[in-house]
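A short write-up of the structure that comes next.
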Amino acid sequence: MKKLKKLVPLLIACLIAAWPCAGRAQTYPNRPIKMIVSIAAGSVTDVIMRTAAAQLQQRLGQPLVIENLGGASGIVGGQTCAQAKPDGYTICVIYHSTMSYNPLLFSNLPYNPDTDFAPITRLFWLTEGVFVPTDLHVNSVAELKALAQAKPNGLNYGTLGEGSFPDLFLRWLNNQWDTQIVGIPYKGGGPAAQALASGEIQMTRFGVGNFMGLIQAGQVKALAVTSAQRSPLLPDVPTYAEVGWGGYPGQGWWGLAAPSGTPRAIVDKLNGEFVKLFTEPQFTAFLDKNAVVSATTTPEGFAQFLKEDRKAAEELIKIANAKREEYDPAKAN
């Protein structure tokens, strides 16, 4: 009985200590949630996340307010996320550059991808492609190669900035073809697609969903896609393997994270809501139309995937002959 009397105050103290976390989880969310998207408005990822936000508002009872922070290979968005208060009211849509490539390509990175984020879930894989304007009069990868070799420094290519996934592909391509195609940075696939259609650039590589309208309008042409099989959206366009790029490693993806220290109960709640939405037949059909594939995970599964994707990034950086550089915030915009 004496031992029991001694235990009662201790149990009460434990319950009191745990109550704030339990209370936050039960009432969360009770105000709008900011969702940082590390890409420009109008890009396919932005379109997907705005659609998701509209549907999740009904389920969570609070709006998800999107803040687009494109450019600088996702560094600006990653830094803003890492520095946010870990209370569940800032969540971050991150991607391969944010977590896998930037730490290998840049020193003086203003965030630590291994310690500054609480992984929530991977969301989807991207089907990407190489695109040219129709009036370039190039109908195949072989013809594009011949043109690039005939015009040193004569072709401009849209990227997301130095060290971004499109930039690494350009470096690899210049090495493979012995060309000097010039990279021009944009803040997302949407702006790059418009630049391509206007003739500001002559080629680029981004998610297929950014270009479908322009393809249907006859302004842009796809030369190859990254998927293992031909895309149902572009059945006449060959895969990377078919054009001789089958050995190119790495696949684009997007996921969701929160600032490190966000309560686990909130992480679990967000994981449950996003995973449920991104696996519903009606929403996955919407994703299919935008050339992306649902790829949700548990928080632990996403954390493990991030470790594996870093290894794939190392391989790609090696074959692209990309050198580590110091990050310069002045070049972020």
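The values are calculated or read from the model by the stated rules, or taken from the named source; none is laboratory data. The structure presented is a predicted model; accordingly, all values stated were derived computationally and were not measured. All Cβ positions, glycine included, derive from the backbone under ideal geometry; neighbour counts span all protein chains shown.
The table below lists the values:
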quantity: Among residues of region 60-97, those that are within 30 Å of Thr27 (Cβ to Cβ), touching a helix residue (DSSP H, G or I) at 6+ places or on another chain (Cβ under 6 Å) and assigned to a helix (DSSP H, G or I), counted; calculated: 1
quantity: Close pairs (9 angstrom Cβ cut-off, 6 or more residues apart or separate chains): farther than 15 Å from Arg310 by Cα in region 241-255, outside any loop (DSSP other than H, G, I, E, B) and among the hydroxyl-bearing types (Ser, Thr, Tyr) anywhere; calculated: Trp245/Thr239; Gly246/Thr239
quantity: Conditions (1) basic (Lys, Arg); (2) closer than 25 Å to Thr45 by Cβ; (3) touching a Phe, Trp or Tyr at 6+ places or on another chain (Cβ under 6 Å); (4) not in a strand (DSSP E or B); number of the one not met by Lys145; calculated: (2)
quantity: Near pairs, Cβ below 6 angstrom, 6+ apart or cross-chain, from region 308-333 (under 26 Å from Ala40 (Cβ atoms)) to any residue that is in a loop (DSSP other than H, G, I, E, B) and among the polar types (S, T, N, Q); calculated: Glu326/Asn108; Tyr327/Asn108
quantity: Pairs with Cβ under 9 Å, 6+ apart, first in region 276-290 and of a type outside the set (A, V, I, L, M), second assigned to a helix (DSSP H, G or I) and exposed (fewer than 15 other Cβ atoms within 10 Å of the Cβ); calculated: Lys276/Arg59
quantity: Breaking point among (1) under 22 Å from Val37 (Cα atoms); (2) touching a helix residue (DSSP H, G or I) at 6+ places or on another chain (Cβ under 8 Å); (3) part of a loop (DSSP other than H, G, I, E, B), for Leu233; calculated: (1)
quantity: Criterion: within 27 Å of Pro299 (Cα to Cα) and in contact with a strand residue (DSSP E or B) (Cβ under 9 Å, 6 or more places away or on another chain) - qualifying residue of Phe169, Phe211, Phe165; calculated: Phe165
quantity: Of all residues making up region 256-284, the number that are in contact with a Cys (Cβ under 9 Å, 6 or more places away or on another chain), small (Gly, Ala, Ser) and outside any helix (DSSP H, G or I); calculated: 2
quantity: Complete set of residues in region 7-58 that are at pLDDT 95 or above and among the aromatic types (Phe, Trp, Tyr); calculated: Tyr28
quantity: Any hit, region 59-68, residues being under 13 Å from the mean Cα position of the chain (by Cα), at pLDDT 95 or above and not hydrophobic (A, V, I, L, M, F, W, C); calculated: yes
quantity: Number of positions in region 232-275 that are farther than 19 Å from Leu144 by Cβ and either in contact with a Gly (Cβ under 9 Å, 6 or more places away or on another chain) or not hydroxyl-bearing (Ser, Thr, Tyr) (or both); calculated: 29
quantity: Flag for Ala291 being at pLDDT 95 or above, crowded, with 21+ Cβ neighbours inside 10 Å and either closer than 21 Å to Gly74 by Cβ or basic (Lys, Arg) (or both); calculated: no
quantity: Residue count, region 180-217 (criterion: closer than 18 Å to Ser38 by Cβ and either assigned to a helix (DSSP H, G or I) or not assigned by TED's automatic domain parsing to the domain that holds Ala150 (or both)); calculated: 7
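Here is a yes/no grid of residues against (1) surrounded by 15 or more Cβ atoms within 10 Å (Cβ to Cβ); (2) within 19 Å of the chain's Cα centre (by Cα):
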site	(1), (2)
Gly247	no, no
Lys269	yes, no
Phe283	yes, yes
Leu287	yes, yes
Phe305	yes, yes
